[in-house]
2 protein chains.
Amino acid sequence: MKSLKKAGLIKTQPRMLILDIFEAQEKKHLSTNDIYMALQRNKTPLSLGTIYRVVNQFEKSGLIQSHHFSPDNAVYELCAADNHDHMIDIRTGKIVEFHDEIIEKRQKEIAEEYGLDLVDHKFILYGYFN
Amino acid sequence: MKSLKKAGLIKTQPRMLILDIFEAQEKKHLSTNDIYMALQRNKTPLSLGTIYRVVNQFEKSGLIQSHHFSPDNAVYELCAADNHDHMIDIRTGKIVEFHDEIIEKRQKEIAEEYGLDLVDHKFILYGYFN
DNA sequence: CTACTTGCAAAGACTTTGCAGGACG
DNA sequence: CGTCCTGCAAAGTCTTTGCAAGTAG
């Protein structure tokens, strides 16, 4: 269980509810609307405005990370220790995570070559799963 | 000069103007607003609606490619033969392109391992340029 | 001529924000 | 109790679309 206090955020009911959603979900990548609907199902609804505010705070605090895989909307996931990349099925939207040391190592070399002080990266493979 | 006809599009004035903007620009990654303003400067203004329609047609025809580097807006660039990746300076927004064979090769291996029929990929490095 | 395109303004989707009331420490 | 948080609804972006007029072949 991630800590709100460590993240510098007061422990409030809405924030705990949203954090719970992330930790309870089998699906790891959630849009604001996914969160909204999950809260409805749990009979603990929150306003969309609050959800947007909370995920933005969580992201600034480093609790979660946002991705813009599709132009339409952002999805969020809990920050994991390993830094993994993503494969996306174009047809179904299914997301699979993977981690690859060769990629990790090579990206650092490339950044160095170009004089880039690397902060983050994004590596996404799009295609169709068999 | 890319061909509108080959792309299956009638050669109209607005479409030629927009294609010219892409080919004339030192900056390769343009937002709809960049295009809009460049056309204003050229004294050949077009409506934003038309620009959105045209870039969407161009993208479907494979003439240009869209990127969503920032959550705010999409940018477009002419499709090049080489398939390159991007580095982005977080502070300035500067974009640098690169191509790396190790990455290209490794991505194919990873896709194969996971049973993904690879269609496209995106590899972006974020950081600060020295 | 006939079909496809364009401009304009309205509509849409997603996200942010102001304000008054409510919860936290 | 003062401060930070929430709900609600309004406002903001960026993008898409309907319709009537214009252009291409």
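The values are calculated or read from the model by the stated rules, or taken from the named source; none is laboratory data. Please read these numbers as outputs of a predicted model, since none were measured by experiment. FYI the Cβ positions are ideal-geometry reconstructions off the backbone, even for glycines, and counts take in every protein chain you see.
Computed quantities for the displayed model
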item: Every residue from the stretch A:15-33 that is touching a Lys or Arg at 6+ places or on another chain (Cβ under 7 Å) and more than 15 Å from A:Arg53 (Cα to Cα); result: none
item: Odd one out for A:Glu23, checked against (1) assigned by TED's automatic domain parsing to the domain that holds A:Leu118; (2) out of contact with any Gly (no Cβ under 9 Å at 6 or more places or on another chain); (3) more than 16 Å from DNA strand C (Cβ to nearest atom); (4) not polar (S, T, N, Q); result: (1)
item: Conditions (1) more than 8 Å from DNA strand D (Cβ to nearest atom); (2) closer than 21 Å to B:Ile95 by Cβ; (3) touching a residue at least 24 places away in the same chain (Cβ under 8 Å); (4) in contact with a Phe, Trp or Tyr (Cβ under 9 Å, 6 or more places away or on another chain): number failed by B:Glu59; result: (3)
item: Single match in B:Ala111, B:Ala81, B:Ala38 (criterion: exposed (fewer than 14 other Cβ atoms within 10 Å of the Cβ) and either away from DNA strand C (no atom under 16 Å from the Cβ) or without any contact (Cβ under 8 Å) to a residue 24 or more places away in the chain (or both)); result: B:Ala81
item: Any hit, the stretch A:62-71, residues being more than 14 Å from DNA strand C (Cβ to nearest atom) and either away from chain B (no Cβ under 14 Å) or out of contact with any helix residue (DSSP H, G or I) (no Cβ under 9 Å at 6 or more places or on another chain) (or both); result: yes
item: Residues of the stretch A:70-109 classified as more than 14 Å from the chain's Cα centre (by Cα) and acidic (Asp, Glu), total; result: 6
item: Counted residues, the stretch B:97-123 - those being modelled with pLDDT under 95 and of a type in the set (Val, Ile, Thr); result: 1
item: Filter result for the condition that a residue is hydrophobic (A, V, I, L, M, F, W, C) and part of a loop (DSSP other than H, G, I, E, B), over B:Leu4, B:Leu39, B:Leu19; result: B:Leu4
item: Condition met for A:Ser47 (of a type in the set (Ser, Thr, Tyr) and away from chain B (no Cβ under 14 Å)); result: yes
item: Any chance A:Leu118 is part of a strand (DSSP E or B) and either in contact (Cβ under 8 Å) with a residue 12 or more places away in the chain or more than 7 Å from chain B (Cβ to nearest Cβ) (or both); result: no
